[in-house]
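Data block below; observations after.
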Amino acid sequence: MPDKMRSPETWPESLRIDELGLLPKYDWASGLRDTWNPGEASAYTALTSFIQNGITCYDEGRDRPDRNCVSLLSPYLHFGELSPRQVYYGIFNAADRSTQHRESANTFLREIGWREFTHHILYHFPNTIREPLRSEFTAFPWRNDPKGLRTWQQGQTGYPIVDAGMRQLWSTGWMHNRVRMITASFLVKDLLVSWEYGADWFNDTLVDADLANNIFNWQWVAGTGADAAPYFRIFNPVTQGTKFDPNGDYVRRWVPELRELPAKYIHAPWDAPADVLEDAGVSLGRTYPRPIIDHSFARNRALDAFNQTVRRQM
């Protein structure tokens, strides 16, 4: 994991004043301070900026972590610095004035609707904080894998798009939504670690850790929650990276060990020829980890676990 922590000597003066000796040895919060400016005024500025600039590319670019096409409003919503109604009507009115932005606006407003829907579910099914909404998944054979969980938390899985997301989360307290789905799928489908552990980690590290939204996004990825899809969804971290970070810009930002790799190999560095790895300064297993699990094997194992769970209900 990139070391963004700084020694106390480099901290702002306000943080160096620690008469009681309560501050941590390392300034672990530096990335959060550099990323977020809390408060109602900042929230309104962020909303205005998104309406004027970001909404134009939201529909087409919201799944691209290498682009700035998302709102970054979720922390302000979580802490009540913006209300869902403020966001809804701000976006709705802007779209009403410009047909050019209407499709993107509608796509964004559906996400606000999903956020409110998760609160509705939690209100009516409060046990879902720790139990699957779909009761048949109570018998799902989750694995106890503390080492795999820790490797995932540290962004050292050997899958670049997963590691980039987990490092972004640790540094900034936030992760792009598409990458949240990819990293969550890797934990619950590739490693077969219960969604509860992932939800707990996100709850501890996200600045926008809304209880209902966090729980039901995890349950959606795990297949245990509210989902109209008639299949057991498993994300391939390599194809997801190739599709949504095609030039590898997002990975290069958060996984600097792979910065010099050509885009062709950056989402699967183990496929790169030895001379390409050497030219890029990459030594698998030394400067960057090898994959902790083979995705094809993991996918088949997850499908077998799902099929066994379904058969138990018949």
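In terms of surrounding Cβ atoms within a 10 Å radius of their Cβ, Met175, Met181 rank from fewest to most as Met181, Met175.
With the convex hull drawn over the C-alpha atoms of the range 40-124, the volume per residue is 96 Å³.
Measuring nothing but alpha carbons in the range 179-233 and taking Rh as the Kirkwood radius, the Rg to Rh ratio lands at 0.95.
With both labels modelled 7 Å from their Cα along Cα-to-Cβ, the Ser49 to Gln86 distance reads 1.6 nm.
Listing Cys69, Cys57 from fewest to most neighbouring C-beta atoms within 10 Å gives Cys57, Cys69. So, in nm, how far is label Ala41 from label Asn93 when the simple model puts each one 7 Å beyond its Cα toward the Cβ? Between Ala41 and Asn93, the simple spin-label model gives 2.2 nm. Indicate the gyration tensor shape class of the chain (rounded, prolate or oblate), computed on the Cα atoms with a ≥ b ≥ c the square roots of the eigenvalues: a/c under 1.5 is rounded; otherwise a/b larger than b/c is prolate and the rest oblate. Because its axes are fairly even, with a/c under 1.5, the chain counts as rounded. Would you grab the residues whose amide H sits under 5 Å from the one on Tyr288? Only those 5+ places off in sequence or on another chain, please, with H modelled 1.01 Å from N. Amide H neighbours of Tyr288: Ser283.
What the Cβ-Cβ distance of Asn177 and Arg299 gives, at R0 = 25 Å and to the nearest 0.05, is a FRET efficiency of 0.65. Listed by Cβ neighbour count within 10 Å, with the fewest neighbours leading, Leu149, Leu191, Leu211 appear as Leu211, Leu149, Leu191.
Couplings 3J(HN,Hα) of the range 187-192, computed from phi: 5, 8, 9, 6, 9, 6 Hz, in residue order, whole Hz [Karplus 6.51 cos²θ - 1.76 cosθ + 1.60, θ = phi - 60°; x for Gly and Pro]. Full extension of the chain segment joining Ser135 with Arg150 gains 2.6 nm, where the gain is 0.36 nm per residue of separation less the Cα-Cα distance. The length gained on full extension between Phe117 and Arg102, counted as 0.36 nm times the residue separation minus their Cα-Cα distance, comes to 3.2 nm. Over the range 103-207, the ratio between the Cα radius of gyration and 2.2 N^0.38 Å evaluates to 1.17. At the listed q of 0.18 Å⁻¹, the Debye profile of the range 235-314, built from one uniform point per Cα, gives log10 I(q)/I(0) equal to -0.76. Dipole magnitude for the range 40-124: about 80 debye, using +1 per Lys or Arg Cβ and -1 per Asp or Glu Cβ, origin at the Cα centre.
Quick note: the coordinates plus some simple rules give every number you see, no bench work behind them. All values reported here derive from a predicted model rather than from experimental measurement. For neighbour counting, all protein chains shown are included, and Cβ atoms are generated from backbone atoms with ideal geometry for every residue, glycine included.
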